[in-house]
1. Looking only at strands (runs of 3 or more DSSP E) that lie completely in the stretch 16-121, which have at least 3 residues being in contact (Cβ under 8 Å) with a residue 60 or more places away in the chain?
2. In the stretch 402-427, how many are of a type in the set (Val, Ile, Thr) and in a loop (DSSP other than H, G, I, E, B)?
3. Condition first: surrounded by fewer than 15 Cβ atoms within 10 Å (Cβ to Cβ) and at negative phi. Now tell me which residues in the stretch 408-428 satisfy that.
4. For residues that are in a helix (DSSP H, G or I) and charged (D, E, K, R), scanning just the stretch 429-461, find the one that is surrounded by the fewest Cβ atoms within 10 Å (Cβ to Cβ).
5. Can you report the number of residues in the stretch 369-394 which are part of a helix (DSSP H, G or I), closer than 23 Å to Asn435 by Cβ and at pLDDT below 90?
6. Would you mind finding the one in Val437, Val468, Val419 that is in contact with a Pro (Cβ under 6 Å, 6 or more places away or on another chain) and of a type in the set (Val, Ile, Thr)?
7. Which residues, taken from the stretch 16-36, are of a type in the set (D, E, K, R) and within 32 Å of the chain's Cα centre (by Cα)?
8. Go through Glu197, Glu191 for me and flag whichever is exposed (fewer than 11 other Cβ atoms within 10 Å of the Cβ), under 32 Å from the mean Cα position of the chain (by Cα) and either within 30 Å of Asp323 (Cα to Cα) or modelled with pLDDT of 80 or more (or both).
Amino acid sequence: MKIMEITLKEGFHEKKVQFSESVNIIYSKKNSTGKTTFLRAIFYALGYSVPSTRGIKFDKMEFWLTIENREKIYKLYRHGSYLSIDYDNKKMDYSLPTDFHEILTEITGCRNIDILDNLLGAAYMDQEKGWTLLNRGKVIGNISFNIEALVRGLDGKDCTKENQELEAVEKQIKKYEYMHLVADYQKELYENGEYIEFDAPEEVRDIKLDTLRVEKDLLLEELSQLKDILRKNKLLVEYISDLKLTVVSSRGEQIPVTKETLVDFTDNTELLVTRKEMLQKRLTGINRKISSLEERKEKENQMVQVQEAIDAFDSNIRKIKVDPIETQRILDYLKSKRKKLRDHIRTLTKQDNDVVIELHRCISRYAQELGISEKYVSLDKDYIFTSDLKSLSGTILHKIVFSFKLAYIKLIKDKAGIVLPIILDSPSGREVEFNTVETMLKIIQRDYPEHQLIIASIYNYDLRYKKVIEFKDRMLDDTDIMMNS
């Protein structure tokens, strides 16, 4: 498969690049000119779910990509989730990501999903992760590479049933891990003494409001009665005074009937007035409390507060019944089951698999040519599945990764008939010396002449039949220079 031409369009900006079938160097004298973004744009145009880079949103752009494979020319157009393929006077429409495997099958002729899912990880070495991605991990974004799946696919082994069972167990583990987190959070809430339910403050406030309103009504009723008594007493005394009544004491003395001569009248009146003033003062305090609570209620109804949301969450969490001991027991069982399933799948993958032996031989040959000691490239049959990268220094790791990649590309061609382009992003970076990279590139030219080579770099490597595409400024600039040598 070879990239022949790509056109990118963003608004009024458009860029067209034609590639050589042999060697292409996406070159710039400085960094940050869009070389990495340009490589990712090629993968995006092929249908991959590649994340956008800073300042460039792929889903807003249009892409036209021409590729050659199996002596056929395929013209792809992509815009957002829509992708179409034109070839042999036929046009097919696809929707991404749903139809991704169908798209790759149409272009490559391969129907094995285990192989299709690992093509990008074999062909591309990203400047950030690619030179340390040995046999499993993320290639770009959420696009993964897994050597076990690739080896199974290349040998024609089918572990669909086992993988489905493993996927089901993985989902269960994730659910129980969430449950365990809930149990831990509940424990933290109880240890901190946060027992009040979320709706308690609102209920207490409403009950208090109702109580105050009832108390206010009782006070108003009593005040009304007192005012009525005081008014009637006043009218009665005035009426008696107007009658000019007199009474005779036991000693025969005549005494006029007035409010002063009425026994306890003044004291009772003062008592009633004092009681009224007390009730009035109490009523004022109740009105103030009612106003404050009603104002608070109104504010709470008008705005959503963060603390309220947290309290609501905590309240709901407390209501969930989770047995932490039982949850942990199930988790331990599921993780044990997952390990057994993974081991079983690995066993099935390696059992009577000639691909594993061929990968070993190819990796070992290239590692030796790059000066890697045999102690780093073990002949043990499980070496290619290793997860031990900590013991490898930068330069040694990069050389071993390169050896692995070449082995993947060779076996994919030999077993699946797919001639992948080899795409390298900034190979002369970090701890890899320039001379080492040139040696690697010359190995590719020597052993993989059928494969198209695309390199993004600030170095113009000394390679045969190269086409240099110089990025002068931005990726969508039209001032680029094309040179053949």
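1. 23-27, 62-69
2. 2
3. Asp414
4. Arg446
5. Result for the stretch 369-394: 1.
6. Val437
7. Selection gives Lys35 alone.
8. When all the criteria are applied, what remains is Glu191.
The values are calculated or read from the model by the stated rules, or taken from the named source; none is laboratory data. If you're wondering where the values come from, they're calculated on a predicted model, not measured in any experiment. Virtual Cβ from ideal backbone geometry, glycine too; neighbours counted across all protein chains shown.
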